[in-house]
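Shown next, in structure tokens, is the structure this report addresses.
The values are calculated or read from the model by the stated rules, or taken from the named source; none is laboratory data. Predicted, not measured: the structure shown is a model, and the values here were computed from it. Please note: Cβ atoms are built from the backbone with ideal geometry, for glycine as well, and neighbour counts cover all protein chains shown. With ligands, DNA and RNA removed, areas are computed over all heavy atoms of the protein, side chains included. Shrake-Rupley method; radii C 1.70, N 1.55, O 1.52, S 1.80 Å.
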Amino acid sequence: MSFSILSISSNVIANDEVLAYPFNADSGRYWQYVSDRVMGGVSDGKVNLEQDGEMYYARLTGNVSTANNGGFIQLRASVSFANSEKEGENLKGVRLNVRGNGETYYIHIRTNESWSPSDYYATTFIASEEWQMIDLPFNKFERRWSKDSTLDPKKIRSFGIVAYGKDYVSDISVSTLEFYY
């Protein structure tokens, strides 16, 4: 299934603790596959929406290549948390249910202050072979262009799950995406 980009805000499930974006049969409308080919790279991959029983998940697979100044494939969506503050509290981080091939993956977050495609906040995680929930607090994200900058969740405009930075085979599945308070 090819993914196109729309806002995932229409797919949100909210409760007192999280804003959840579960994958379901319609998730393909909310996500976009992007690779370094947009800038002349040669990485190659794809995203499929798959199902295991009742659980849907997005699976990002491919070959990441640093040849020709490249080095990434990603699954990305537009988001907005401009009005996400609740009882004076901002979102604190992102939680993912993931499995993969034991490689290190990245989360790239762009904000209203990101002026270039290469200006984003990032952190890493390892996707093990078994499904696991991973919490990634926003205070662990570093801005690529300015290490002194702090990620303001109300300014987030896109979210990406990225295979990045070295030559390797990507295979990562994500079934749940939650932003927690």
Carbon and sulfur: what percent of the chain's accessible surface (1.4 Å probe)?
44
P(r) of the range 1-158 in 5 Å steps, Cα pairs, percent per bin?
2, 8, 15, 21, 23, 18, 9, 3, 1, 0
If we count every other residue with Cβ under 12 angstrom of residue 158's Cβ, Lys/Arg +1 and Asp/Glu -1, where does the sum land?
+3
For the range 126-163 and the range 30-48, compute the distance between their C-alpha centroids and round to whole Å.
19
Loop by DSSP (not H, G, I, E, B), at most 11 other beta-carbon atoms within 10 Å: where is the longest site-free stretch of the chain for GluC sites (Glu not before Pro)?
131-181
Rounded to whole Hz, the Karplus (6.51, -1.76, 1.60) HN-Hα couplings of the range 116-121, x for glycine and proline:
10, x, 9, 10, 7, 9
Averaged per residue, the 1.4 Å probe accessible area of the range 63-153, protein heavy atoms only, in Å², is roughly 52
Count of Lys pairs (Cα-Cα under 26 Å; at least 8 positions apart or interchain) in the chain
13
I'd like to know which of 106, 35, 18 lies farthest towards the positive end of the charge dipole of the chain, counting +1 on Cβ of Lys and Arg and -1 on Cβ of Asp and Glu.
35
Per-residue HN-Hα couplings for the range 44-54, Karplus 6.51 cos²θ - 1.76 cosθ + 1.60 at θ = phi - 60°, whole Hz, x for Gly and Pro?
9, x, 7, 10, 10, 8, 10, 9, 10, x, 8
